[in-house]
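Trainee: Take a look at this one; I'll ask things after.
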Amino acid sequence: MLWLSLLLCLIGIYSQILSLANKKRLTELSSTESCARNPLISIAIPARNEETTIENCLRSFMAQDYKNLEILVLDDDSSDSTAQKVLELQKLDSRIIYIKGKHLQTGWKGKIYAMQQLFEASNGEFLLFTDADTIHSPQSVGYGFHIMEKNKASLLSGYPLQRSKNRFTLALISAMVFNTVLFIPLRFQEKLQSSFYAMAIGQYLFVRKASLSDIGGFSLIKDNICDDVMLARVFAKTGHKQIFADMKNVVSCTMYHSFSDAFRGYERSITGVVKQSPFTFLAILIVVILLLGCVFAVPAAIFMLVYSLAHPELLMPALLLFLGSFLLFGSWNRMALFHGFPKNIAILGPFVFLLVIVMYLHGYYRKATGKGFTWKDRKI
């Protein structure tokens, strides 16, 4: 019991150190100065049945402070009025370019093939890939471009402000906080450029076209479920610098409208990122056990403290367990608030840990049994 309590305490200490360092680095990256260069930037939006969101997204790009843009929208076989919405706005702003997507080619996943077509159609020195359910502040493009230039990066990504009317859906979405609390050492990753720590999110994916051309566009990841993280890994492996910054003040996203949609989306992403092998499964199983320990650490510590009145040997494990829990979920709360989640979501760390465990195990089951996943009504 003592060794387990000590281990969980060390996890809590690690989370404090990592989260504080990551918060500092993200804050530093946000302090950017304007850049004298004014290259053409291609906004690249894959759109499949986005009639309810595409107009707000496009209007947010029409209002950008950075004006030298082309705004490409690829209609990925939509069956609703997405095309009509885009064409109507095209009459108001000639920078908007409607592209009718080609039929999905064998060997490609749907969204990645849409992104490949956008890449091939673009004329900009940079491309900003984003989703149709995002809304960008007028500073969004300039902010990302200045970070790219200042840090000589080839790929930039970061967490937008996440929105949902459903508390439990937003709690599930907050699982993304894992990366900055327990996983990625952002400052070291900028220097190391390890593919293991490479991170990106498709809601904001800013790339240099020359670097994307150098790796053959999206051909190396054409059959992957998780396009954003896999692209960041390829960039890191091939010597093209990728960085992760704070995007909550320049872009927001309503990623999912229901808990079930969020669950399916996240389990797909988690399973897509983690390589499936006996070794990986064993490693993940150990992580799952540790996460379960973290979830039940607080009630276990309280129980042990009470029980230690009769059994003094339990006092030290109980104190270590309580300290580890306090540090870990304190780190979680701090970073959840930093990433823009409200207080009533930030305090749900233990609940989110449980959700992540269930999503991974269910996703692994679906992949192992061949049931697979769907995205925008497509089997992937």
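The values are calculated or read from the model by the stated rules, or taken from the named source; none is laboratory data. Remember, it's a predicted structure, so these values are computed and weren't measured experimentally. Heads up, the Cβs are rebuilt from the backbone with ideal geometry, glycines too, and the neighbour counts pull from every protein chain shown. Ligands, DNA and RNA are excluded from the accessible area calculation, which covers all protein heavy atoms including side chains. Shrake-Rupley method; radii C 1.70, N 1.55, O 1.52, S 1.80 Å.
Trainee: Can we say Met148 is open to solvent by less than 40 Å² (accessible area, probe 1.4 Å), over 25 Å from Ser258 (Cβ atoms) and either out of contact with any helix residue (DSSP H, G or I) (no Cβ under 9 Å at 6 or more places or on another chain) or of a type in the set (Phe, Trp, Tyr) (or both)? Before the answer, list the steps.
Mentor: Numbers: open to solvent by less than 40 Å² (accessible area, probe 1.4 Å): yes; over 25 Å from Ser258 (Cβ atoms): yes; either out of contact with any helix residue (DSSP H, G or I) (no Cβ under 9 Å at 6 or more places or on another chain) or of a type in the set (Phe, Trp, Tyr) (or both): yes.
Yes: the conditions hold for Met148.
Trainee: Now for a different question. For the range 232-239, does any single residue satisfy the condition of being under 26 Å from Leu40 (Cβ atoms), open to solvent by 10 Å² or more (accessible area, probe 1.4 Å), in contact with a Leu (Cβ under 6 Å, 6 or more places away or on another chain) and at pLDDT 90 or above?
Mentor: Yes.
Trainee: Name the residues in the range 57-91 that are more than 15 Å from Thr134 (Cβ to Cβ), open to solvent by 20 Å² or more (accessible area, probe 1.4 Å) and not in a loop (DSSP other than H, G, I, E, B), would you?
Mentor: Those that are more than 15 Å from Thr134 (Cβ to Cβ), open to solvent by 20 Å² or more (accessible area, probe 1.4 Å) and not in a loop (DSSP other than H, G, I, E, B): Ala83, Gln84, Lys85, Leu87, Glu88, Gln90.
Trainee: Could you run through the range 92-114 and say how many residues are open to solvent by less than 20 Å² (accessible area, probe 1.4 Å) and under 10 Å from Lys222 (Cα atoms)?
Mentor: The qualifying residues number 3.
Trainee: OK, next. Out of all the residues in the range 115-129, which are touching a Lys or Arg at 6+ places or on another chain (Cβ under 7 Å), open to solvent by 10 Å² or more (accessible area, probe 1.4 Å) and under 14 Å from Ser211 (Cα atoms)?
Mentor: Within the range 115-129, the subset touching a Lys or Arg at 6+ places or on another chain (Cβ under 7 Å) is 117, 122, 124-127.
Now restrict to residues that are open to solvent by 10 Å² or more (accessible area, probe 1.4 Å): 117, 125.
Glu125, the sole residue that qualifies.
Trainee: Let me ask another. If we scan the range 325-341, do we find a residue that is out of contact with any His (no Cβ under 8 Å at 6 or more places or on another chain) and farther than 26 Å from Pro185 by Cβ?
Mentor: no
Trainee: Now a separate question. Would you mind stating whether Lys191 is surrounded by fewer than 24 Cβ atoms within 10 Å (Cβ to Cβ), among the basic types (Lys, Arg), touching a residue at least 40 places away in the same chain (Cβ under 8 Å) and within 19 Å of Val234 (Cα to Cα)? Give the derivation first.
Mentor: Values: surrounded by fewer than 24 Cβ atoms within 10 Å (Cβ to Cβ): yes; among the basic types (Lys, Arg): yes; touching a residue at least 40 places away in the same chain (Cβ under 8 Å): no; within 19 Å of Val234 (Cα to Cα): yes.
So Lys191 fails the test.
Trainee: Among Ser331, Ser308, which is the only one that is under 16 Å from Leu182 (Cα atoms), hydroxyl-bearing (Ser, Thr, Tyr) and either in contact (Cβ under 8 Å) with a residue 12 or more places away in the chain or open to solvent by less than 30 Å² (accessible area, probe 1.4 Å) (or both)?
Mentor: Among Ser331, Ser308, only Ser331 is under 16 Å from Leu182 (Cα atoms), hydroxyl-bearing (Ser, Thr, Tyr) and either in contact (Cβ under 8 Å) with a residue 12 or more places away in the chain or open to solvent by less than 30 Å² (accessible area, probe 1.4 Å) (or both).
Trainee: Now, a different point. Which of the residues that make up the range 8-48 are open to solvent by less than 60 Å² (accessible area, probe 1.4 Å), aliphatic (A, V, I, L, M) and either without any contact (Cβ under 8 Å) to a residue 40 or more places away in the chain or not in a loop (DSSP other than H, G, I, E, B) (or both)?
Mentor: Leu8, Ile11, Leu18, Ala21, Leu26, Leu29, Ile41, Ile43, Ala44, Ile45, Ala47
Trainee: Looking at Phe322 and the list (1) surrounded by fewer than 21 Cβ atoms within 10 Å (Cβ to Cβ); (2) out of contact with any Gly (no Cβ under 9 Å at 6 or more places or on another chain); (3) not β-branched (Val, Ile, Thr), which single condition is not satisfied?
Mentor: (1)
Trainee: Within the range 306-319, track down each residue that is of a type in the set (A, V, I, L, M, F, W, C) and either outside any helix (DSSP H, G or I) or under 13 Å from Ser5 (Cα atoms) (or both). First the steps, then the outcome.
Mentor: Just the residues of the range 306-319 that are of a type in the set (A, V, I, L, M, F, W, C), to begin with: 306, 309-310, 314-316, 318-319.
Those that are of a type in the set (A, V, I, L, M, F, W, C) and either outside any helix (DSSP H, G or I) or under 13 Å from Ser5 (Cα atoms) (or both): Leu309, Ala310, Leu314, Leu315, Met316, Ala318, Leu319.
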